[in-house]
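The values are calculated or read from the model by the stated rules, or taken from the named source; none is laboratory data. What you see is a predicted model; the values in this text were computed from it and never measured. Here the Cβ is made from the backbone with ideal geometry for all residues, glycine too, and neighbour counts use every protein chain on show. When the accessible area is computed, the model is the full protein with side chains, heavy atoms only, and any ligands, DNA or RNA have been set aside. Shrake-Rupley method; radii C 1.70, N 1.55, O 1.52, S 1.80 Å.
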Protein chains: 2
Amino acid sequence: MRGRETINELKTGVLSGDRAVLGRALTLIESNRLDDRRRAGELLAALLPFSGKAHRIGITGVPGVGKSTFIEAFGLRMTERGHRVAVLAVDPSSSVSKGSILGDKTRMEELSRSADAFIRPSPSGGSLGGVAGKTRESIVVCEAAGFDMVLVETVGVGQSEVTVADMVDFFLVLKLAGAGDELQGIKRGILELADLIAINKADGDNLAAARRARAEFEGALHILRPATADHWLPRVVTASAVTGAGIDEIHDIIVEHRRFLEAGGRFEAIRRAQALRWMWSLVDQGVRTAVREHPEVRRRLKDLERDVVDGTISATAAAAKILGAFGIDG
Amino acid sequence: MRGRETINELKTGVLSGDRAVLGRALTLIESNRLDDRRRAGELLAALLPFSGKAHRIGITGVPGVGKSTFIEAFGLRMTERGHRVAVLAVDPSSSVSKGSILGDKTRMEELSRSADAFIRPSPSGGSLGGVAGKTRESIVVCEAAGFDMVLVETVGVGQSEVTVADMVDFFLVLKLAGAGDELQGIKRGILELADLIAINKADGDNLAAARRARAEFEGALHILRPATADHWLPRVVTASAVTGAGIDEIHDIIVEHRRFLEAGGRFEAIRRAQALRWMWSLVDQGVRTAVREHPEVRRRLKDLERDVVDGTISATAAAAKILGAFGIDG
């Protein structure tokens, strides 16, 4: 091991597009060590003026939908079209036994060898809020390194899509046709977040079912998200990494969506609102954590929770006691 | 004005079903005055052992869907079937010019004259969290007063349905057929919350459209919420306060849903989980408010927000500064 790089060395390396330095910069950003966090803050502040220029695209889908194969095909096509593509992952399950998305080194082999692509596996462990927080900062770093398209991958479970949708410009949901009810069931809010739904693996014997699914989703979206002049009407397409079908169409829709937002001056407004929501979500997450980790709260919590469940005190009274233990008077 | 009742007098009056005392007890619960809040806490603690026995039913729908007419018809039918019915309102818009739901004295005239019904308008002002918090406590008071069915009405906007859905046993969404895209559009998550969707005003010329809408919603629900042994499959019915169609069917479905939950032991588990979530939501709301009202945070906020929007500091750095101003180190 050689000596630690200075923040300025990291900054210069990232800005020059040095992939090894970029990797170390992201490792620093992801670190939860106290001294690393201070240095990460300095690095982020130094890179911030060089960020913001990438098209940020969220991609979600349940396990088995073919996310990595799709992202590889899509990413390669984007590099062919002249883009420099970074792929980041937000994985709320990474601390669980299921294993991290993007963690498998054999995934996206071809894309990972491309000089115009950079793939970053999900940081392990941490809360979703924490991981997602790091991902937002990783976007900044990748943008400073010259990537003009950032793909943020997440799995279709829990709160992660909502979190990712609020850090990207465009949100793509991958679905399967004929995958049975369980896979097909749409998690709360996902349909409402999507700018585009792609019915994936639409090839071979699967093609007819994919086309039927496309019509079904278009029907559901028509009910859920009526189009107005101010609101993008989400699209539905079929796609296949095997045949390449849909890949260019998806890119065209992403570009069209960007023009739609920019025409109304909404693009910058959305980015600004996202930044403020991000700030407040970090604040609220910080105080939530501080309450839950407060020694006096922890000392009293078990009894209070039991009393609430038993109905011997009201939730209101218990909440007041917790706030009081934290030092806030009701 | 006569002297203040003691908490014990209020308790005795509520438990005996005295409607005037019940009204005053709810006014105390709704009050934001500091000394009232202390007394309200005592009253709630005294009534808590007598609560929990009502069937709690949330009812939502956008303005114009016919909520009050439906609730009057439904409530009257329930009293005929031997229930004692309390109606409470959660209205996030009550502080705005639109006016409070249930605030119009001429609404639900017949139901309000019934000896077996009690109608409480939405408390005016306050945040949704605040109003909803009061509503949860009002449910406790109404249950202690002997009402075995509590209807919680809310308007179909914003976060209020999610909040109400988490304080009731059953969530009913009223919709209109052929009301144009704007009314028909389903807000985020509403379809996911519904245990039952009733296409209201299904009478006269509207009947055919209502039946088509019912089929459409059943299709959308089939995609959104596949049934499993552990999960209730949401129903869709047509209803009319004019003809009385659907009213008994809705009650039957509510009873069937209750049996479904009780059979698996899920009913009590859901109530317990709701109470703990309620406690934590009050805690989180309390700290959120405390941060935003903190003098040092307020002093620095405007500059920090401007810097985040301008991109001169990161949201992470700004959040750390806000937390620091509040007294929490990052």
(message) So the label point sits 7 Å from Cα along the Cα-to-Cβ vector; using that for A:E109, what distances do you get to the other copies, in nanometres, sorted shortest first?
(response) 7.9
(request) With a 1.4 Å probe and all protein chains in place, put A:I57, A:I313 in order of accessible area, largest first. (result) A:I313, A:I57
(request) Distances from A:A245 to the same position in the other copies: list them in nm, one decimal, shortest first, using label points 7 Å from Cα along Cα→Cβ. (result) 4.3
(request) Please work out how much accessible surface B:H222 shows to a 1.4 Å probe, ignoring ligands, DNA and RNA, in Å² rounded to 10. (result) 110
(request) Just list whichever of A:K11/A:K53; B:K67/B:K134; A:K302/B:K321; B:K53/B:K134 have alpha carbons separated by over 26 Å in the model shown. (result) A:K302/B:K321
(request) Compute the relative contact order of the range B:1-49 as a whole-number percentage, counting only Cα pairs closer than 8 Å that sit 6 or more residues apart in sequence. (result) 36
(request) With all protein chains present, calculate the accessible area of A:V162 using a 1.4 Å probe and round the result to the nearest 10 Å². (result) 50
(message) For A:W232, what accessible surface area do you get with a 1.4 Å probe? Give it in Å², rounded to 10.
(response) 30
(request) Please compute how much accessible surface disappears when B pairs with A, both sides summed, using a 1.4 Å probe, and round it to the nearest 100 Å². (result) 4600
(request) Mind ranking A:E80, B:E137 by accessible surface for me, highest first, 1.4 Å probe? (result) A:E80, B:E137
(message) Taking a point 7 Å out from Cα toward Cβ as the label site, list the nm distances between A:N32 and the same residue in every other copy, smallest first.
(response) 3.8
(request) Sort A:H55, A:H294 from largest to smallest accessible area, using a 1.4 Å probe on the heavy atoms of the protein chains. (result) A:H294, A:H55
(message) If you average the C-alpha positions of the range B:287-308 and of the range A:294-330 separately, how far apart do those two centres end up, in angstrom?
(response) 26
(request) Kindly report the accessible area of the range B:1-49 per residue (heavy atoms of protein chains, probe 1.4 Å, no ligands, DNA or RNA), in Å². (result) 57
(request) Compute the length gained on full extension between A:S31 and A:R266: take 0.36 nm times their separation in residues and subtract their Cα-Cα distance, giving the result in nm to one decimal. (result) 81.2 nm
(request) Quick one: net charge around B:F147, please, counting Lys, Arg +1 and Asp, Glu -1 for every other residue with C-beta under 12 Å from its C-beta. (result) +2
